[in-house]
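Derivation of every value follows stated rules applied to the coordinates shown; laboratory data play no part. Note that the structure is predicted; figures quoted are calculated from it, not measured. Methodologically, a virtual Cβ is constructed for each residue, glycine included, from the backbone with ideal geometry; neighbour enumeration extends over all protein chains shown.
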Amino acid sequence: MDTARNVISVLSFFVVPIILVGFPLYGLYKRVPVYESFVEGAKEGFQVAVRIIPYLVAILFAIAMFRASGAMEALTRALDPVLGLIGFPAELLPMAIIRSLSGSGSAALVVDMINQYGEDSILVKMAAVMYGSSETTFYVIAVYFGAVGIRKTRHAVPAGLLADAAAMIIAVWTVRLLFG
Amino acid sequence: MLNYIWAGLIVSSFVFALGYDVRDFAGDRYRNGRPLPVTLSFPDGYDPAARRVPVEIRIDSGQYGSFYRTEQAPAAAYPGYLLQSEQGTQLRFAAGAKLPEPLATIGKVSRSRDEELQGRLVGFTPPAATAGVVFEPVRFVKLNAIATAALDFAKTGAEIAIGLIGVLALFLGILKIAEDSGIVFALVKLVRPILRPLFPEVPADHPALGMIALNLTATVFGLGNAATPFGIKAMEELQKLNPSEDTATNSMVMLLAINTASLQLVPPVLLLALMGTQINTLIFPILTTTVLGLIVAIVATRLLGRLRGYRASDPHRNPPAPAGVEA
């Protein structure tokens, strides 16, 4: 397990350099006008970024309002008895909800929990696994769909949220199995 | 669904904010307009002529508790100073003081330019040590907070997008070289057997599969910076196959689901920074969770795609009427 991890983390240092150096090198070999190609492709960067803005603003401001309103605390209290049934600690509910909504928000929650419970506590371990094992669904939707102007997202949101919910519960169970 | 979630977030934040504010108002939580008893002592002596007198502020925790009806207790003493002005005497707590609730919230409203909690001093006849301090009235804290949060994050949204420009340009440029030199095509042939079952709508030789492969590679190695441009490029390729302009195809939903499940073998850098060496014990649970999450994401996308409503909205099944032909 450890060696596999080392190999992967070493490889991860090489991926970007290999792409950045290898692709143009191969392009030269194939007699592609690499500089011209690069500039041609890079031109798009600005338009893509600007295209994302409305989608990102729409998602971020709504989520920020929700977090600032104190609705989270009320939700936590309301869902507390339900969670007990599936063995889900109530302290982790804010994390489970925020994880799909806001990346910076969930990182801040991990920090809060470390300060409150300490790094060794099982709750912090669960929160860290939650943080590390999924992406911020609404951010990904805003950026990826925003870039191509998709507004009707169909089943992307329910599928993403189902996967998130599953990941949150699995995170609690695996950590409990290993450290509990 | 996103329409409802989005509107739900906004409406519920307003409802909850208003609810909390009405509760605070009805319970007179901030004791607006009434003086909080404090005891002052002057370490440098009291000089009535001075505009600014350093002072040590003591708040009795029993009095504090009954005044604000709270369990929280203030610290033994706070440094601060008196400011004499034509409007009377101001009492200011030094900035950065660790204040108990609800004083901390009051301090966000009743504050000086230097972010000090400030209030009007009443019943103060020097050199007597006891006095009362009246703060600015605090109203609608939560409503104010949601408005501020909305404005702040609208700005953040634009900043994130603008911040992406450089990285996007870099990787989109590199990808253009990859396209022109045939790397993408070679990659397509390589990953076709694995990715084709997940993206059956994509023609076998389409560059979209190559972009998806690059996106997934970058994700697996925890390279968020590179994964995003590759993912966006993959979306653009999928959009070229999309008969509709604004409706997601099944392939797009699949790509999105895989990205939100985020299969990564290298834990995020931020988590590494937060957890330190603890992270080593967490690699295995993170990996298990992310793999199982990915499986759920793929299965959920497939199954939900079969529901009647989502089948009806599939642009490949029901292509939109070509432009110019009005129904």
### Task
Please provide three numbers in whole Å: the alpha-carbon extents of chain B along the principal axes, with the largest listed first.
89, 53, 36
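Considering every pair of different Cα atoms, what Kirkwood radius, in Å, is found for region A:1-42?
It works out to 12.0 Å.
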### Query
What percentages, rounded to whole numbers, describe P(r) for region B:212-327 computed over all alpha carbon pairs with 5 Å bin width beginning at zero?
2, 11, 16, 17, 17, 13, 9, 6, 4, 3, 1, 1, 0
### trypsin sites (Lys or Arg not before Pro) lying in DSSP loop within region B:136-207, provided at most 15 other Cβ fall within 10 Å
B:Arg139
### Query
What is the order of A:Phe23, B:Phe221, fewest Cβ neighbours within 10 Å to most?
B:Phe221, A:Phe23
### Message
In whole Å, what are the extents of region B:1-137 along the principal axes defined by its C-alpha atoms, from largest to smallest?
### Response
66, 30, 24
### Summary
Of all lysine pairs in the protein assembly as shown that are eight or more residues apart or on different chains, those with Cα atoms under 30 Å apart total 28
### Message
How charged is the neighbourhood of A:Ser100? Take every other residue with its Cβ under 11 Å from the Cβ of A:Ser100, and add Lys/Arg as +1 and Asp/Glu as -1.
### Response
-1
### Task
Go ahead and estimate [θ] at 222 nm for the protein assembly as shown from helices alone: -39,500 (n - 2.57) per DSSP H run with n ≥ 4, summed, over the residue count, rounded to 500.
-20500 deg cm²/dmol
### DSSP H segments from chain B that extend 15 Å or more along their own axis, Cα-based, with Kyte-Doolittle mean of 1.6 or above
B:183-195, B:279-305
### Message
Taking a cut-off of 18 Å, what percent of all Cα-Cα pairs in region A:21-141 are separated by more than that?
### Response
66
#### Entry: Neighbouring partner chain Cβ atoms per residue of A:30-36, average, 10 Å criterion
4
#### Entry: Separation between Cα centres of region B:136-193 and region A:17-41, rounded to whole Å
24
### Summary
Expected integer from the mean partner chain Cβ neighbour count at 10 Å over B:179-185 is 6
### Once the Cα gyration tensor of the protein assembly as shown is diagonalised, semi-axes √(5λ) in Å
52, 24, 24
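Please give me, ordered by residue number, the GluC sites (Glu not before Pro) of region A:90-180 that lie in loop per DSSP and have at most 16 other Cβ atoms within 10 Å.
When the GluC sites (Glu not before Pro) of region A:90-180 are filtered for loop state and at most 16 Cβ neighbours within 10 Å, A:Glu119 remain.
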### Task
Could you please rank A:Ser12, A:Ser100, A:Ser134, B:Ser85, placing first whichever residue has the fewest other Cβ atoms within 10 Å of its Cβ?
B:Ser85, A:Ser12, A:Ser100, A:Ser134
### Message
For region B:9-29 and region B:277-310, what is the centre-to-centre distance using only Cα atoms, to the nearest Å?
### Response
37
### Calculated log₁₀ intensity ratio I(q)/I(0) where the Debye formula runs over C-alpha points of region B:144-264, q = 0.12 Å⁻¹
-0.49
### Task
Compute the projected area of the convex hull of the Cα atoms of region B:141-193, averaged over all viewing directions, and report it in nm² to one decimal place.
6.1
### Task
Ignore the peptide's own chain and count Cβ atoms of other chains within 10 Å of each Cβ in B:13-22; give me the average, rounded.
5
#### Entry: Centroid-to-centroid separation of region A:48-118 and region B:77-130 [C-alpha atoms, Å]
35
#### Entry: Low-density loop positions, trypsin sites (Lys or Arg not before Pro), region B:1-91 - DSSP coil, at most 15 other Cβ in 10 Å
B:Arg51, B:Arg69
## Note on the structure
Fewest-first ordering of A:Asp112, B:Asp24 by Cβ atoms within 10 Å yields A:Asp112, B:Asp24
